[in-house]
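In what follows, a structure is listed as structure tokens, so that the remarks can point back to it.
Any read-out appearing in this document is the output of simple, stated calculations on the displayed coordinates, not a laboratory observation. All figures in this text were calculated on a predicted structure; none of them were measured in a lab. Backbone-built Cβ (ideal geometry, glycine too); neighbour counts: all protein chains shown.
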Amino acid sequence: MLWLSKHNRKLLLLLVQNRDRGFTLIEVLAVIVIVGVLSAIAAPGWLGFLNNNRLSASQSRVFSTIKDAQSTAKRTNTPTTFTIANSSNGAYVVTSRSQAQYLEQGVQVLSVNKNTAPTAVTLPLTISFNAQGLPTTVNNNAAFTDFPLRITLNTPDTPNRKRCTTITTILGSVKSGSDTDCP
């Protein structure tokens with residue numbers, strides 16, 4: 001390098017330095033393959049996490065809407081109805097004194113069963129609460145005495161994951177359950 005001029009030496013050093021910058025095609029492909037493998041491993045877990053959160057939020061909405069219908073009936077001393085149904089826009093809950101609230105995207109009402117024998121109830125399900133907040137009729141039929149009444153939710157993506165809300169007694173006691181509690 002002694003025989004190169006000062007200007008040429010600088011140019012040669014610049015070329016050598018620039019050659020070390022950046023990644024080779026092999027390195028970029030290796031990183032893409034690693035990211036793809038990690039995504040394939042993590043994606044099912046992430047989707048399961050999202051579905052669990054959607055189900056839990058929807059279950060909470062059903063539970064709180066039933067409790068709201070009961071408390072509204074007591075507070076106003078007038079009968080109040082609770083309705084749950086599937087629609088083309090998704091499943092929803094509503095009381096006779098509130099606007100419809102849609103459940104989380106992808107969540108559907110899987111079943112509504114009375115008593116321990118799985119007697120299916122048709123949707124939309126309407127439960128009337130009297131002025132004392134006690135459930136009196138289901139779908140405008142005669143006196144409602146066939147307890148418990150279980151509303152089960154799920155998502156089509158994960159049919160084995162279920163969340164349910166159950167009116168357990170004639171006094172209107174409500175509880176929530178998941179998976180094995182929701183046959």
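Details
- Estimated [θ] at 222 nm from DSSP helical runs (n ≥ 4, -39500 (n - 2.57)) normalised by residues in the chain, nearest 500: -13000 deg cm²/dmol
- Counted charge near Ala91, where neighbours are those whose Cβ lies closer than 14 Å (Asp, Glu -1; Lys, Arg +1): +3
- Which of Thr81, Thr166 has the fewest Cβ neighbours within 10 Å, and the rest in rising order: Thr81, Thr166
- In percent, rounded to a whole number, the relative contact order of the stretch 83-183 is 20, using alpha-carbon pairs under 8 Å and six or more apart.
- Proximal charge balance of Pro183 [Cβ under 12 Å; K/R count +1, D/E count -1]: 0
- Extent along principal axes [Cα atoms of the chain; Å; largest to smallest]: 108, 35, 27
- Whole-angstrom gap from the stretch 39-78 to the stretch 135-183, using each part's C-alpha centre: 13 Å
- Mean Cα-pair separation over length for the chain, i.e. relative contact order, pairs under 8 Å, 6 or more apart, %: 17 percent
- Using alpha-carbon coordinates, inclination of helix 6-19 to the longest axis of the chain, degrees: 30 degrees
- Order of Ile167, Ile26 under a 10 Å beta carbon neighbour criterion, fewest first: Ile26, Ile167
- Taking Cβ atoms as reference points and 12 Å as the exclusive limit, the residues near Pro148 contribute a net charge of +1, counting Lys and Arg as +1 and Asp and Glu as -1.
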